[in-house]
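What follows is calculated from the coordinates using simple rules that are stated; it is not laboratory data. No experiment lies behind these values; they were computed from the predicted model shown. So basically every Cβ, Gly included, is an ideal-geometry build from the backbone, and we count neighbours across all protein chains shown.
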Amino acid sequence: MAWLKAARGANWRSLQDVRRTYGNADGVRVASGNTVTVFSVGGGKYRLIVAINYRWGMVYVLRFMTHAEYDKDQWKAQLWRQRFQMS
């Protein structure tokens, strides 16, 4: 996957850095109050949702879903429940 190769070689320090590589990247606030980064992939058919720790240079893949699933917005609350259950 081209995205994975680009992410591994990246030195992203902010969302603006990410957007220099992927102009379609968006920061989206979820129920926890945290912001995740959303990429449109597969010609807009899919959404890749990641958490980026810019300080440590770590990217965590949280969700990969269809555009239709993404538009339902249920994933925002699901991320919060998942995080809460793990803590």
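Which ones in region 23-42 are of a type outside the set (Phe, Trp, Tyr) and part of a strand (DSSP E or B)?
Matches in region 23-42: 26, 27, 28, 29, 35, 36, 37, 38, 40, 41.
Only one residue in 47, 13, 19 is assigned to a strand (DSSP E or B), surrounded by 12 or more Cβ atoms within 10 Å (Cβ to Cβ) and basic (Lys, Arg), so which one is that?
47
Can you report the number of residues in region 1-47 which are among the charged types (D, E, K, R) and on the phi > 0 side of the Ramachandran plot?
0
Can you say whether residue 75 is of a type outside the set (Lys, Arg) and part of a helix (DSSP H, G or I), as far as the supplied structure shows?
Criteria met by residue 75.
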